[in-house]
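Scroll down for the structure; my scribbles are underneath it.
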Amino acid sequence: MYDSGKIIPGLIIFVLFVTFPVWYNHGDAGAVPKPEMPKNAKKCVLPVAQMRAEHMQLLLDWRDEVLRQGEWGFITIDGKPFQRSLQNACLKCHTSKKKFCDKCHIYAAVNPYCWDCHFARVKK
Amino acid sequence: MDKKRREFLKIAGISTLAGLGGTAVIDRLATGASPARARAAYEINSLSPAGQPKEKGPAKAAAKTSQRLGLVIDMRKFNANPGLAEKCIKTCDFLHNIPHFNNKKDEVKWVWLTGYENAFQEHSHYYRNETLEKNQVLLLCNQCDDPPCVRACPTKATFKAKNGIVAQDYHRCIGCRFCMAACPYGSRSFNWRDPRGGLDMKHINPEYPTRMRGVVEKCTMCVERVGIGKLPACVEATGDTKAMIFGDLNDANSEIRKFLKENYTIQRKPSLGTHPSVFYIV
Ligand code: SF4
Ligand code: SF4
Ligand code: SF4
């Protein structure tokens, strides 16, 4: 091979560079985030596993039902009334966006644009 | 070989033509209307669930709704209660997290005061009486029954809800400002800047979102309150002064209809045909 003295070290450097995230973290994906659960509520509007996987779809459905179809009323889940609202339902139990929402969003490197307008109460 | 290819091309060409033109021809034959008209008839029914057209009618911007929520604003009562209008404005500003930049260009307003000559340009201004000279008029979105803003909006971000309220869906707004050009009343404001810069984030209403830069907003007749059976906040703020009367204009027995029957009221720019749902006694 011509120039093997340059190509082989070059390849090695390239492979090391591309796999940097893997070996830098010792092949470990990092600690799984532990969002803080609300203290004063036991049950969510859906089972945990479903919320974890589908909360974004639920929020979009709520948005369309409420805003577009005008169903502003409450829904009842296990005898507890809920508004279909991010700020007036989710964030009423999950009072800290930092300790709940952001935990996973940062871990998964997602940046939902919900927060462009919706916000969690700022502590006075 | 050559002959086969020619035949293939012929068949392909004919089927393409049939595919492109066929449905249009069939539609036209079936409805007897031109395609543009037929489409417009579908577009007016944007509110029915799953996009199913509710009724077909002549092309018109917004379908008639069973309810038509409206207001009477009795300026005699406001004039008799100095500070009441400001209280309404403050209530709305706080509840809806309306930013203030202290700068006319970036102003966002849902409800505001202005002189009679600006509010009622179509009415006579010569030798106005003292009341009109001295007092300002409370203005907000007219929740028009035939709203030009809805007709202009390319994304249906502004649309007529089932109760007749001209609602605003910020999720869809692309900030083209067609609606602002279309609204003859200046009821709409554009967020030139991030509205959070004009708000004290520690003292805002946590139950209502802010907006983002680049969307248009306006008075929504408190669609979020009306939806759960409350009065619009400004109406509530007037207490029992009866300075504002809220109700369904389509219900002949409602308080607002009774009031309209017994009193002479005016609307803003009625000749434009927008059919404002806000009536005034000046
Ligand atoms: S600015 Fe927003 S609401 Fe207005 S016409 Fe454009 S998309 Fe519609
Ligand atoms: S007053 Fe303007 S913004 Fe309000 S419904 Fe009429 S046209 Fe639309
Ligand atoms: S009806 Fe609601 S949104 Fe409109 S001006 Fe009054 S308080 Fe504001």
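The values are calculated or read from the model by the stated rules, or taken from the named source; none is laboratory data. All values derive from a computational prediction rather than experimental measurement. Quick reminder, even Gly has a Cβ in these numbers, built from the backbone with ideal geometry, and neighbours come from all protein chains shown.
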Among the residues listed as B:135, B:81, B:102, B:118, the single one being away from ligand 3 (no atom under 11 Å from the Cβ) and either at positive phi or within 14 Å of chain A (Cβ to nearest Cβ) (or both): B:102
Neighbours by Cβ (under 8 Å, 6+ apart or cross-chain): first from segment A:82-105, facing another protein chain (nearest Cβ under 10 Å); second assigned to a helix (DSSP H, G or I): A:83/A:89; A:85/A:62; A:85/A:66; A:86/A:59; A:86/A:62; A:86/A:114
Where a residue in segment B:128-154 is under 24 Å from residue B:115 (Cβ atoms) and its partner, wherever it lies, is among the hydroxyl-bearing types (Ser, Thr, Tyr) and surrounded by fewer than 17 Cβ atoms within 10 Å (Cβ to Cβ), with Cβ under 9 Å and at least six apart: B:136/B:114; B:137/B:114; B:138/B:114; B:139/B:114
Hits in segment B:120-141 - residues which are in contact with a Leu (Cβ under 9 Å, 6 or more places away or on another chain) and crowded, with 21+ Cβ neighbours inside 10 Å: B:137, B:138, B:139, B:140
Some residue of segment A:10-31 being over 22 Å from residue A:110 (Cβ atoms) and touching a Cys at 6+ places or on another chain (Cβ under 6 Å): no
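One residue is enough: does segment B:156-166 have a residue meeting the conditions within 6 Å of ligand 2 (Cβ to nearest atom) and more than 12 Å from chain A (Cβ to nearest Cβ)?
First pass over segment B:156-166, keeping only residues within 6 Å of ligand 2 (Cβ to nearest atom): B:166.
With more than 12 Å from chain A (Cβ to nearest Cβ) added as a condition, the list becomes B:166.
Within segment B:156-166, one or more residues are within 6 Å of ligand 2 (Cβ to nearest atom) and more than 12 Å from chain A (Cβ to nearest Cβ).
Results for (1) surrounded by 16 or more Cβ atoms within 10 Å (Cβ to Cβ); (2) farther than 30 Å from residue B:158 by Cα, shown as yes or no for each residue.
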residue: A:15; (1), (2): no, yes
residue: A:44; (1), (2): yes, yes
residue: A:48; (1), (2): no, yes
residue: A:54; (1), (2): no, no
residue: A:61; (1), (2): no, no
residue: A:68; (1), (2): yes, no
residue: A:90; (1), (2): yes, no
residue: A:93; (1), (2): yes, yes
residue: A:104; (1), (2): no, yes
Near pairs, Cβ below 9 angstrom, 6+ apart or cross-chain, from segment B:168-185 (within 14 Å of chain A (Cβ to nearest Cβ) and touching a residue at least 40 places away in the same chain (Cβ under 8 Å)) to any residue that is within 16 Å of ligand 3 (Cβ to nearest atom) and of a type in the set (Ser, Thr, Tyr): B:168/B:158; B:168/B:220; B:173/B:158
Matching residues, segment B:187-215, being farther than 17 Å from residue B:103 by Cα and more than 13 Å from chain A (Cβ to nearest Cβ): B:187
Failed condition for residue B:268, given (1) within 13 Å of ligand 2 (Cβ to nearest atom); (2) free of Cβ contacts under 8 Å to residues at least 12 places away in the same chain: (2)
Residue list for segment B:112-154, restricted to those being among the hydroxyl-bearing types (Ser, Thr, Tyr) and either within 15 Å of ligand 2 (Cβ to nearest atom) or not assigned by TED's automatic domain parsing to the domain that holds residue B:180 (or both): B:114
Residues that are modelled with pLDDT of 95 or more, under 22 Å from residue B:220 (Cα atoms) and not in a loop (DSSP other than H, G, I, E, B), drawn from segment B:239-259: B:244, B:245, B:246, B:247, B:248, B:255, B:256, B:257
